[in-house]
Each structure stands twice: as C-alpha cells, then as structure tokens.
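The values are calculated or read from the model by the stated rules, or taken from the named source; none is laboratory data. Predicted model only: the values in this text are computed from it and were never measured. Every residue, glycine as well, gets a Cβ built from its backbone with ideal geometry; the counts of neighbours run over all protein chains shown.
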Amino acid sequence: MYKLIAIDLDGTMLNKYGIITQNTKDVIKKVQEKGIEVIIASGRTINSVKNFSKEINSENYFISGNGAITYDIKNDKILYENVLSKNKAQQVIKICEENSIYYSVYTENGIITKNLNYNTLYYYKENLNKEEKEKTHINIVQDVYNYIEEKDEKILKIMICDNNQLVFKSILKKIKEITDIEILDVSHMSRKLIKQGTEEIALEYFYTEITSKNVDKWNALEMLIEMLNITKDEVITIGDNANDVKMIQNAGLGVAMGESAPYIKEQANIVTESNDNDGVAKILQQYLLNNNVSETT
C-alpha cells in the first residue's frame, strides 16, 4: 500500500493558470482520509509552497527549492537544507551580469530580481489574484550581487531565462565551469499563460536552475522516507520536468504528466493526463481510490 505521495506544483498540480482545481483538491482530501501522506515537492520558495500546502490541507511536510529545503510545517522549521553558498551564487550572478542575461535568485524569503520578466512576471501576475499573506514575495533591487553580499538569506537556487536558445546555451557553457553546483538540464522551453484583462498572453523561454551540489527532490524525499520509516516502494511521485526525473525514477510508482517531454515520460512507470485535464486527480483516483486497481507497480 502506498503511504506517501509527493507532487510537483508547476505543470503538475497547478493548471496553466497556476490554480489547483477543486476536483484535484477533493481527490487529495479523499486520499488523505485514507491515512496517506500527501506532500508538495517543488522548485518554488518556502512561502509559496507553504501556501499551496495549506490549500490542499497538507499539514506536515513539504520540499522546496528543488530539494534544497525539507520543511516541517507543524513545527515551522527546516528539517534539512542544502543551500547555495554566497560565493557560488555570486559567481553565477557575475556571469549573468557580464552577458546581460536574465536571472532571479530564490531565497528562503522570496525571489530577488532586477526587474519583472519571464518567471518573475508570471509570479507577479499570479500574485494579483491572491491575498497579501499568500503572495510570492518578489524583491526588486538594483544590485543583486551586493544585496546577496549584505543579506544573510538562505539561497535555494538561481533561475536563468532567455528566449534565444543560442544565447542561452552560450551562458550555460560558461556556468558549467563553476564547480560544486548542480545545473538543471532542461531541453525544452517553458510555456506559461498569464491573463491581461480578457486576453491570454503566452510566456515562452528557455531556462535552467542552479543549486548547490547534490540538490534533488529525491535526495530530500529519501530523508523523509527514512524518518517516516517507510520504503521507497510505498511512495508515489508525480511530476513533469527535469527536476522531477530522479524522484520519478526511484519511487515505487513514478508518474509523468501528459504534457511532459518524451525523455521525462520514458523514466515513468505510467503517464497520466495533462495538468489542464486534472492528471494528478485522475492518477490518484485510479491507484488509490478505485478498489479494483492494485496498489503495486
């Protein structure tokens, strides 16, 4: 029997508008009523994941920053961390600044950036529909390098974005010269939709995420698995992107979303429907709530 479900947010639990549908919430509630732990495993900041956890009544744990942080919700404390050092972060920032490429720094408190674009523009638009306490904090500063130097904030990751693939690849080549960091290998564009009045605007860009060495959602999950005294065969993981691959590969049941890139789907035990077709709800219904389905892989 499955005892722990770890679910990604963007492109997975959230639809293209950044919303958890009522159907998904209802199915998750039924799963929780069976005594199964449902947690979020996301690349987002602590506060953002905390708010979404509250939305699905996940009251115990979550993973943020792609595995940089494992958080104990009830005791309001970090259980595990593997954050990016100031020195490594500044090396990445220096390369981005010298090559005029967009970047944003994810810390324990929010996102630091010089202006709104790409991912931060998406979060800004998402914030417009949220109460103040539920918003992703975006801190716009003129000099990110010096801000990092002066502040004592845990750095979860740095996200780098550009809509020109050639420019993006040239920056990646330079960043790969930095030692003791993880560089997320994303081979496809991010595609998100934001609403501008009655109009829908597509945000499309190439991106990567830089973290400390050995940061991964599965590494964070392994610590939780040991702490909860369960086995990996009792775990279901659901995701859609490169930062979900390892947890999809290693869980008892690894699930890829329907809109995932082919190389993500190849790592999964099963592919569900897309995030806009309630793929998370449908796979949980099939494997955990339908009596005629065996809970084995």
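Can you tell me which of (1) among the polar types (S, T, N, Q); (2) modelled with pLDDT of 95 or more; (3) in a helix (DSSP H, G or I); (4) under 13 Å from the mean Cα position of the chain (by Cα) is the one Gln32 doesn't meet?
(4)
Need at least 2 residues that are within 19 Å of the chain's Cα centre (by Cα) and small (Gly, Ala, Ser) per element, so show me which helices (runs of 4 or more DSSP H) inside the range 38-148 make the cut, counting only ones lying wholly within it.
Working: elements: 46-55, 86-98, 118-127.
Those helices (runs of 4 or more DSSP H) span 46-55.
Give the number of residues within the range 181-200 that are acidic (Asp, Glu) and more than 16 Å from the chain's Cα centre (by Cα). Spell out how you get there, then give the answer.
Here is the first cut: in the range 181-200, the ones acidic (Asp, Glu) are 182, 185, 199-200.
Among the residues that remain, those that are also more than 16 Å from the chain's Cα centre (by Cα) are: 199-200.
The qualifying residues number 2.
Counting only residues that are surrounded by 13 or more Cβ atoms within 10 Å (Cβ to Cβ) and of a type in the set (S, T, N, Q), which one in the range 118-149 is farthest from Leu193 (Cα to Cα)?
Out of the qualifying residues, it is Asn139.
Within the range 11-25, track down each residue that is in contact (Cβ under 8 Å) with a residue 60 or more places away in the chain and in a helix (DSSP H, G or I).
Gly11, Thr12, Met13, Asn23, Thr24
Restricting attention to the range 161-188, which residues are in a strand (DSSP E or B) and out of contact with any helix residue (DSSP H, G or I) (no Cβ under 6 Å at 6 or more places or on another chain)?
Within the range 161-188, Glu182, Ile183 meet the criteria.
Quickly run through the range 261-275 and pick out the residues that are modelled with pLDDT of 95 or more and of a type outside the set (A, V, I, L, M).
Selection gives Lys265, Glu266, Gln267, Asn269, Thr272, Glu273, Ser274, Asn275.
If you check Asp162, Asp244, which single one turns out to be among the acidic types (Asp, Glu), touching an Asp or Glu at 6+ places or on another chain (Cβ under 6 Å) and in contact (Cβ under 8 Å) with a residue 40 or more places away in the chain?
Numbers: Asp162 fails: touching an Asp or Glu at 6+ places or on another chain (Cβ under 6 Å).
Every option except Asp244 fails the conditions.
Filtering the range 188-209 down to residues that are in contact (Cβ under 8 Å) with a residue 60 or more places away in the chain and in contact with a Lys or Arg (Cβ under 6 Å, 6 or more places away or on another chain), which residue is nearest to Gly67 (Cα to Cα)?
If we take residues in the range 188-209 being in contact (Cβ under 8 Å) with a residue 60 or more places away in the chain and in contact with a Lys or Arg (Cβ under 6 Å, 6 or more places away or on another chain), then Glu209 is nearest to Gly67 (Cα to Cα).
State the number of residues belonging to the range 34-54 that are more than 19 Å from Thr237 (Cα to Cα) and surrounded by fewer than 20 Cβ atoms within 10 Å (Cβ to Cβ).
3
Among (1) farther than 18 Å from Ser212 by Cα; (2) modelled with pLDDT of 95 or more, there is one condition Ser48 misses while meeting the rest; what is its number?
(2)
Tally time: how many residues in the range 125-150 are within 14 Å of Thr113 (Cβ to Cβ) and touching a strand residue (DSSP E or B) at 6+ places or on another chain (Cβ under 8 Å)?
Result for the range 125-150: 10.
Filter the range 150-196 down to the residues that are surrounded by 15 or more Cβ atoms within 10 Å (Cβ to Cβ), touching a Phe, Trp or Tyr at 6+ places or on another chain (Cβ under 8 Å) and of a type in the set (Lys, Arg) and list them by number.
Residues satisfying the conditions are Lys157, Lys192.
All but one of (1) surrounded by fewer than 17 Cβ atoms within 10 Å (Cβ to Cβ); (2) on the phi > 0 side of the Ramachandran plot hold for Gly67; state the number of the condition that does not hold.
(1)
Quick test for you: out of Tyr124, Tyr147, pick the one residue that is under 25 Å from Asn87 (Cα atoms), of a type in the set (Ser, Thr, Tyr) and not assigned by TED's automatic domain parsing to the domain that holds Tyr71.
Answer to the check: Tyr147.
Name the one entry in Lys154, Lys74 that is within 23 Å of Ala220 (Cα to Cα), in the same structural domain as Leu9 (by TED's automatic domain parsing) and not aliphatic (A, V, I, L, M).
After applying the criteria, what remains is Lys74.
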